[in-house]
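For reference, the structure discussed in these notes is given below.
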Amino acid sequence: MQNLYTPSVAVDHQSQPGNKGHKDGSGVFTNSRFGGRLDNQLRRIFMDVGVLSQSSGSAYVEFDSTKVICSVYGPHVVEGSEASFSEEGQLACDFRYAPFSAAGGERREPDRRMAEDEVEMSQLLSRALAGSVQLAKLPKSRLDVRVAVLRDDGGALAAATVAASLALATAGGVELADLVAACTV
(Lines give C-alpha, C1' and ligand atoms only; values in the text may rest on other atoms or scores of the structure.)
Protein backbone atom coordinates (compact mmCIF):
# COMPACT_ATOMS: atom_id res chain seq x y z
CA MET A 1 0.00 0.00 0.00
CA GLN A 2 1.11 3.52 -0.69
CA ASN A 3 0.59 6.11 2.00
CA LEU A 4 -0.99 9.23 0.49
CA TYR A 5 -0.60 11.31 3.64
CA THR A 6 2.62 12.64 5.12
CA PRO A 7 2.25 13.69 8.76
CA SER A 8 3.74 16.93 10.00
CA VAL A 9 6.32 17.19 12.77
CA ALA A 10 4.97 16.30 16.20
CA VAL A 11 4.63 19.20 18.61
CA ASP A 12 4.61 19.01 22.41
CA HIS A 13 1.03 20.19 22.96
CA GLN A 14 1.19 19.95 26.76
CA SER A 15 3.37 23.04 26.93
CA GLN A 16 1.34 24.97 24.33
CA PRO A 17 -0.83 27.88 25.49
CA GLY A 18 -4.55 27.28 25.11
CA ASN A 19 -4.24 23.54 25.72
CA LYS A 20 -7.59 22.19 26.92
CA GLY A 21 -6.21 19.22 28.83
CA HIS A 22 -6.38 19.33 32.62
CA LYS A 23 -4.55 18.14 35.71
CA ASP A 24 -6.21 15.48 37.76
CA GLY A 25 -6.13 15.42 41.58
CA SER A 26 -2.55 14.10 41.65
CA GLY A 27 -1.27 17.05 39.62
CA VAL A 28 -0.59 14.84 36.59
CA PHE A 29 -1.57 16.28 33.20
CA THR A 30 -4.30 14.26 31.47
CA ASN A 31 -5.83 14.55 28.03
CA SER A 32 -9.52 15.27 27.71
CA ARG A 33 -10.15 12.89 24.77
CA PHE A 34 -10.35 9.15 24.51
CA GLY A 35 -7.19 7.75 22.94
CA GLY A 36 -4.92 10.44 24.34
CA ARG A 37 -5.43 13.07 21.62
CA LEU A 38 -5.82 16.67 22.63
CA ASP A 39 -8.80 18.73 21.49
CA ASN A 40 -6.74 20.43 18.79
CA GLN A 41 -5.08 17.24 17.46
CA LEU A 42 -6.30 15.40 14.36
CA ARG A 43 -6.52 11.67 13.87
CA ARG A 44 -3.70 9.92 12.00
CA ILE A 45 -4.82 9.47 8.38
CA PHE A 46 -3.93 6.78 5.82
CA MET A 47 -5.49 6.42 2.35
CA ASP A 48 -4.95 3.99 -0.51
CA VAL A 49 -6.79 3.45 -3.81
CA GLY A 50 -7.14 0.46 -6.13
CA VAL A 51 -7.09 -2.08 -3.31
CA LEU A 52 -9.72 -4.39 -4.84
CA SER A 53 -9.21 -5.74 -8.35
CA GLN A 54 -12.77 -6.92 -9.11
CA SER A 55 -14.47 -3.54 -8.68
CA SER A 56 -14.61 -0.47 -10.94
CA GLY A 57 -12.97 1.58 -8.19
CA SER A 58 -11.92 0.98 -4.60
CA ALA A 59 -10.29 2.69 -1.65
CA TYR A 60 -9.09 1.94 1.88
CA VAL A 61 -9.08 4.70 4.52
CA GLU A 62 -7.89 4.80 8.13
CA PHE A 63 -8.71 7.63 10.52
CA ASP A 64 -6.61 6.56 13.54
CA SER A 65 -8.10 3.18 14.53
CA THR A 66 -11.20 3.53 12.33
CA LYS A 67 -10.69 1.40 9.20
CA VAL A 68 -13.00 1.47 6.17
CA ILE A 69 -12.86 -0.19 2.75
CA CYS A 70 -15.08 0.87 -0.15
CA SER A 71 -15.78 -0.58 -3.58
CA VAL A 72 -17.70 0.92 -6.51
CA TYR A 73 -19.40 -1.21 -9.15
CA GLY A 74 -20.71 0.33 -12.35
CA PRO A 75 -21.97 2.28 -14.02
CA HIS A 76 -24.08 -0.57 -15.32
CA VAL A 77 -27.40 -0.66 -17.15
CA VAL A 78 -30.47 -0.91 -14.94
CA GLU A 79 -32.62 -3.88 -15.98
CA GLY A 80 -35.71 -5.74 -14.85
CA SER A 81 -38.09 -4.19 -12.32
CA GLU A 82 -35.64 -1.34 -11.68
CA ALA A 83 -35.65 -0.33 -15.35
CA SER A 84 -38.06 2.61 -15.10
CA PHE A 85 -36.60 5.26 -17.37
CA SER A 86 -34.89 8.11 -15.66
CA GLU A 87 -33.01 11.05 -17.10
CA GLU A 88 -30.51 10.65 -14.28
CA GLY A 89 -28.55 7.65 -13.13
CA GLN A 90 -29.09 5.99 -9.77
CA LEU A 91 -26.66 5.98 -6.86
CA ALA A 92 -27.09 3.07 -4.45
CA CYS A 93 -25.01 3.11 -1.26
CA ASP A 94 -24.63 0.13 1.05
CA PHE A 95 -22.97 0.88 4.41
CA ARG A 96 -22.22 -2.14 6.63
CA TYR A 97 -20.37 -2.76 9.86
CA ALA A 98 -18.28 -5.92 10.01
CA PRO A 99 -19.23 -8.16 12.96
CA PHE A 100 -15.77 -7.58 14.47
CA SER A 101 -15.76 -3.80 13.90
CA ALA A 102 -16.79 -2.58 17.35
CA ALA A 103 -14.09 -0.95 19.46
CA GLY A 104 -13.12 -2.65 22.69
CA GLY A 105 -13.41 -6.20 21.37
CA GLU A 106 -17.23 -6.25 21.37
CA ARG A 107 -18.87 -8.09 18.48
CA ARG A 108 -21.85 -6.94 16.46
CA GLU A 109 -24.42 -9.61 15.74
CA PRO A 110 -23.89 -10.86 12.19
CA ASP A 111 -27.11 -10.38 10.27
CA ARG A 112 -27.88 -10.39 6.57
CA ARG A 113 -30.44 -7.61 7.05
CA MET A 114 -29.24 -4.06 7.53
CA ALA A 115 -29.52 -2.70 11.05
CA GLU A 116 -31.29 0.65 11.54
CA ASP A 117 -28.01 2.51 11.98
CA GLU A 118 -26.64 0.95 8.77
CA VAL A 119 -29.73 2.05 6.82
CA GLU A 120 -29.35 5.59 8.18
CA MET A 121 -25.62 5.67 7.40
CA SER A 122 -26.33 4.40 3.85
CA GLN A 123 -28.80 7.25 3.31
CA LEU A 124 -26.42 9.86 4.73
CA LEU A 125 -23.58 8.57 2.56
CA SER A 126 -25.80 8.69 -0.53
CA ARG A 127 -26.82 12.29 0.23
CA ALA A 128 -23.19 13.30 0.76
CA LEU A 129 -22.04 11.80 -2.55
CA ALA A 130 -25.05 12.77 -4.71
CA GLY A 131 -23.90 16.37 -5.12
CA SER A 132 -20.56 15.33 -6.55
CA VAL A 133 -21.49 12.43 -8.85
CA GLN A 134 -22.69 13.66 -12.26
CA LEU A 135 -25.75 11.38 -12.40
CA ALA A 136 -27.26 13.39 -15.28
CA LYS A 137 -24.51 11.99 -17.51
CA LEU A 138 -25.47 8.39 -16.63
CA PRO A 139 -29.10 7.91 -17.83
CA LYS A 140 -30.57 4.41 -17.30
CA SER A 141 -27.46 3.49 -15.31
CA ARG A 142 -26.72 2.62 -11.74
CA LEU A 143 -23.66 3.01 -9.52
CA ASP A 144 -23.31 0.70 -6.53
CA VAL A 145 -21.16 1.99 -3.67
CA ARG A 146 -20.41 -0.60 -0.99
CA VAL A 147 -18.71 0.36 2.25
CA ALA A 148 -17.49 -2.04 4.92
CA VAL A 149 -16.41 -0.65 8.28
CA LEU A 150 -13.66 -2.98 9.45
CA ARG A 151 -13.07 -1.16 12.75
CA ASP A 152 -15.14 1.63 14.27
CA ASP A 153 -13.32 3.84 16.74
CA GLY A 154 -15.33 6.96 15.91
CA GLY A 155 -15.74 8.93 12.71
CA ALA A 156 -16.90 5.94 10.61
CA LEU A 157 -19.24 8.03 8.42
CA ALA A 158 -16.50 10.57 7.66
CA ALA A 159 -14.03 7.81 6.80
CA ALA A 160 -16.66 6.08 4.65
CA THR A 161 -17.43 9.32 2.80
CA VAL A 162 -13.76 9.93 2.01
CA ALA A 163 -13.26 6.29 0.97
CA ALA A 164 -16.34 6.38 -1.28
CA SER A 165 -15.21 9.62 -2.88
CA LEU A 166 -11.76 8.18 -3.62
CA ALA A 167 -13.28 4.95 -4.97
CA LEU A 168 -15.63 6.90 -7.25
CA ALA A 169 -12.70 8.99 -8.48
CA THR A 170 -10.82 5.84 -9.51
CA ALA A 171 -13.84 4.15 -11.11
CA GLY A 172 -13.84 4.35 -14.89
CA GLY A 173 -16.77 6.10 -16.56
CA VAL A 174 -17.82 8.11 -13.50
CA GLU A 175 -17.60 11.89 -13.66
CA LEU A 176 -17.35 13.84 -10.42
CA ALA A 177 -17.80 17.56 -9.89
CA ASP A 178 -15.16 17.28 -7.16
CA LEU A 179 -13.96 14.99 -4.39
CA VAL A 180 -16.06 14.91 -1.23
CA ALA A 181 -14.22 15.66 2.01
CA ALA A 182 -15.63 14.80 5.42
CA CYS A 183 -14.79 15.04 9.11
CA THR A 184 -16.45 14.40 12.43
CA VAL A 185 -16.57 17.19 14.98
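Tabulated data
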| read-out | value |
| --- | --- |
| Which numbered condition GLY27 misses (of (1) part of a loop (DSSP other than H, G, I, E, B); (2) modelled with pLDDT of 80 or more) | (2) |
| Tally of residues being touching a helix residue (DSSP H, G or I) at 6+ places or on another chain (Cβ under 6 Å) and either under 17 Å from LEU124 (Cβ atoms) or among the charged types (D, E, K, R) (or both) across segment 165-185 | 5 |
| Close pairs from segment 144-173: first part of a loop (DSSP other than H, G, I, E, B), partner among the hydrophobic types (A, V, I, L, M, F, W, C) and buried (at least 20 other Cβ atoms within 10 Å of the Cβ), Cβ under 7 Å, at least 6 apart | GLY155/PHE63; ALA171/VAL72 |
| Filter result (farther than 14 Å from ALA156 by Cα and either at pLDDT 90 or above or part of a loop (DSSP other than H, G, I, E, B) (or both)) within segment 101-115 | GLU106, ARG107, ARG108, GLU109, PRO110, ASP111, ARG112, ARG113, MET114, ALA115 |
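The values are calculated or read from the model by the stated rules, or taken from the named source; none is laboratory data. Treat the numbers as computed from the prediction; the structure is a model and nothing was measured. All Cβ positions, even for glycine, are placed from backbone atoms using ideal geometry, and neighbour counts span all protein chains on display.
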